[in-house]
Structures are given as C-alpha cells and as structure tokens.
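The values are calculated or read from the model by the stated rules, or taken from the named source; none is laboratory data. Worth saying up front: this structure is predicted, and the values here are computed from it rather than measured. Virtual Cβ from ideal backbone geometry, glycine too; neighbours counted across all protein chains shown. The protein model used for the area step is the full one, side chains on, heavy atoms only, and it has no ligands, DNA or RNA in it. Shrake-Rupley method; radii C 1.70, N 1.55, O 1.52, S 1.80 Å.
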Amino acid sequence: MKVTRLAAALSIGFGLALGAANVASAQALTPIKISYQPSLYWALPFHVASEKGWWKEVGLAPEFSTFPAGVPQIAASAAGSWDVGGTGSVPAVLGHVRFGIKTIGLTNDESAANGLVGSGKAAAEFAKDPAAALKGKTITLTQNSTADYAVQACLKKYGLKKADVVMKNMGQAEIISALSSNNSDLAGMWAPNTYTVEEKAGAKMLCSGKDSGAFVPGALIARGDYAKQNPENVAKFLAVFLRAQAWMNANRAESVRMMKDFYAKGGVSISEAAMNKEFDSRPTYSLQQQLAALDRKGAQASQMEAWFNDLSAFMRDTGAVQQVPNAADFVTGEYLQRVQADPKLRAMATAGK
C-alpha cells in the first residue's frame, strides 16, 4: 500500500512538474504582431512557418492581422496594431514618410506580377497599336500601389503620360468584379488577382513591370519604434521568414498544396498551373542575396536603396509624397546582419529542407 501511495504521489508530482514546465514554456514565447495581405505569394511563408512550428523554435508567438491592400495596412501602424510584416514597396515608402516605418528586407521580385491587364477586347486592340489602345481610356487600379507603379511605367514605355488616360481608384476585389462583368477593359492589378481574371474572365496581362523596366521589390517592414526597442525579435522574424521561403523553394509540390489552402482562406481560387507560375515568375532572395542587395560600395547607394529611390521619385510625381525621401533613411540591413551574426538564426535562415 505504501509503495502504491508513493508511486501515486510521485506520478502526481511528476504531472504537476510537467504541467508547470509546459506553462513556463508557453510563457517563454514572446508575442509578435505580424501584418500582411492575404492570399499573396510573398505572404505564404508566414503560413508555412506556422504550420511547421518554426516560430516556436525562436521563441516567438505570432499574432496575425491582414489587410486588403498596403495603404490601410500602413495606416494601422499608427495605432501600433502590428509590429512587423510584409507589404508592397510603394506602401513601404509611404509608411516611412508618414509613420517612420523601416524596410528591413525583401519578400520577392514582384516585377512580373504587377502590371496592366486588359479584357479580351482590349488585348486585341493593344496588340495592333498599344498607344492608341490606351490613350484616352479609363484604367481601374488601386492607387499608390505597386500595380499603379507598374502601370505608369507601362504608359511611359508606349510614349504616354498619366494625363493621357483616366485613372479610376478601385480595390482589387472591385476590379475583378468589374472585369468579369465587362464594366472595365483596362486595369492595374497584382498576382494572384491577375490569374483570377485571366482564368475566369479571359483577361490578359498586357504589360508588366518587368516588361516596362520597372523593378518592383516586395518589402519586409517593421515599425520604427518597435524595431529599435526589440531588435532581437525583428531578427528572429526575418530568420523564420527566410527559413520558410527556403523550404518552399526546396519543396515545391507540398508548398503548392499549402498555397491552395492559404489562398482559399483569403477567398482566392486559382489553378495549380497559376500557383506554379507564382513560383516561376517571382524570384526570392536568400540571406546572402539580401545582404548583397543591401551592400553599399562607398558612398554609392546599395542596389536595394536604388530600387526604393526610383519608387520614391514615382510617388513624388503622383503627389503621394511631397519630397523624394532618401532610401538610406529607411532601408536598413541592420536586422539581417543580426541574423548573419547569430549562428542559430543564420542556420535557421539558410536551412532549405
């Protein structure tokens, strides 16, 4: 009897100790608020990392918030509703000017994924004479977005100015509806919305940022005050993002399956061929490639700074900002360098399997 009671007591004690350890482990996780736009290729790493449990490995507990586009996402930072995240490069510039947001890395090269989309009728006219097909026409687009940037570069390619067309501001969901119901023939869009209208409304990409020579980087961002106060958490966030992205590149088939679920949660349904096109047309950047893009040679701007300086000039021309901000004031490699300097974080960021 004594042995039985002793064993029971030991069992209870072990259970209590294990429970306490689990509570302590849970308490050790640091909350971090991550913002993004749903059903986008560059946001998929957040979903992958959650499914794989990689946030816990660096002691983070993510709290996600989503936004339909970059402008409302950036505006939400004023209330401190998020700490870090991903967004388009145009909203990232706007975020620096208005709220001191820092650009801390790249999500992907979005140049081929943003551009001018046309209905079947508009595509036929465009094929004959691009300038004539566009001049005087109405283009529906989301203003101050990467699609806006790509569309205006396309206009320039064909010898046109913004004043030569009529630009009508719409959200991407509204644009999809307008194209599908034949209430719009020309639109500025980004993927995967471009694939949706191609597959369901017979629309075509007429000119992308890549076609027009407008490089469109996607941005990893952080609130300036949060990054200053929590540099270790920002570095951990970057390491997990790069870990998930490297895994996606090494495991395409499983990643496409996860993409299907992730996109469906955001109300987007596209074919498997379109999902594979996301991988094929949107280059990503490893830790070393990110650091190389941020490397300055003397007083010369880094490659990444040059990309954002071009975007800033575009935003001044559109009236979104009064002056061209210097990219060196908000594009920073400080947190990626922390990843590189920390053996554990570097190993996570560079693991591909």
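Once you place label points 7 Å from the Cα toward the Cβ at Asn169 and Lys135, how far apart are they in nm?
2.9
Order these peptides, 108-116, 167-175, by their mean beta-carbon neighbour count within 10 angstrom, highest first.
On the way: 108-116: 26.4, 167-175: 17.3.
The peptides rank, most packed first, as 108-116, 167-175.
Given a Förster distance of 25 angstrom, what is the FRET efficiency for Glu63 paired with Glu334, based on the Cβ-Cβ distance and rounded to 0.05? It would help to have the intermediate numbers written out before the result.
Working: r = 24 Å, r/R0 = 0.95.
Once the sixth-power term is evaluated, E becomes 0.60.
Over 31 Å between Cα atoms, which of Lys168/Lys200; Lys56/Lys210; Lys157/Lys228 qualify? Write down the numbers at each step before the final one.
Details: Lys168/Lys200 22 Å; Lys56/Lys210 38 Å; Lys157/Lys228 41 Å.
In this structure, Lys56/Lys210; Lys157/Lys228 lie more than 31 Å apart at Cα.
I want the local charge near Val256. Using Cβ-Cβ distances under 12 Å, sum +1 for each Lys or Arg and -1 for each Asp or Glu among the other residues.
-1
Which length gain, in nm to one decimal place, applies between Lys344 and Arg252 when the Cα-Cα distance is subtracted from 0.36 nm times their residue separation? Before the final figure, lay out each step's value.
Values: separation 92, 0.36 × 92 = 33.12 nm, distance 2.52 nm.
So the chain would gain 30.6 nm between Lys344 and Arg252.
Once you put a point 7 Å from the Cα of Arg296 and another 7 Å from the Cα of Lys121, both along the Cβ direction, what distance in nm separates them?
Rounded to a tenth, the inter-label distance reads 5.3 nm.
Averaged per residue, what accessible area in Å² does the chain show with a 1.4 Å probe, protein chains only? Don't skip to the answer; put the middle values down first.
Numbers: 15680 Å² over 353 residues.
That works out to 44 Å² per residue.
Tally Lys/Arg at +1 and Asp/Glu at -1 over every other residue whose Cβ is under 15 Å from the Cβ of Met304; what's the total? Intermediate values should be presented prior to the final figure.
Values: positive: Lys102, Arg296, Lys297; negative: Asp109, Glu110, Asp295, Glu305, Asp310, Asp329, Glu334.
Around Met304, the surrounding residues sum to -4.
Among 147-157, 73-83, 195-205, 340-350, how do they line up from the highest to the lowest mean number of other beta-carbon atoms within 10 Å?
147-157, 195-205, 73-83, 340-350
Taking only complete DSSP H runs, can you tell me which helices of the chain stretch 30 Å or more along their own long axis by Cα positions and average at least 0.0 on the Kyte-Doolittle scale?
Numbers: long enough: 2-28 (38 Å, 1.04).
Span-like helices here: 2-28.
So the label point goes 7 Å from the Cα of Asp317 along Cα→C-beta, right? Which residues of segment 127-152 then have their backbone N under 12 Å from it?
Residues passing the 12 Å test: 149-152.
For Val324, what charge total do you get from the other residues with a beta carbon under 13 Å from its beta carbon, if Lys and Arg give +1 and Asp and Glu give -1?
Working: positive: Arg316; negative: Glu305, Asp310, Asp317, Asp329.
Once all neighbours under 13 Å are counted, the net charge is -3.
Contour minus end-to-end for Glu51 and Ala75, with contour as 0.36 nm per residue of separation and end-to-end as the Cα-Cα distance?
Numbers: separation 24, 0.36 × 24 = 8.64 nm, distance 2.88 nm.
Extending this stretch completely gives an extra 5.8 nm.
Express as a percent, rounded to the nearest 5, the fraction of DSSP beta bridges in the chain (both residues included) that run antiparallel.
55
Any idea how far apart Gln303 and Gln143 come out in nm if each label point goes 7 Å out from Cα toward Cβ?
Between Gln303 and Gln143, the simple spin-label model gives 3.4 nm.
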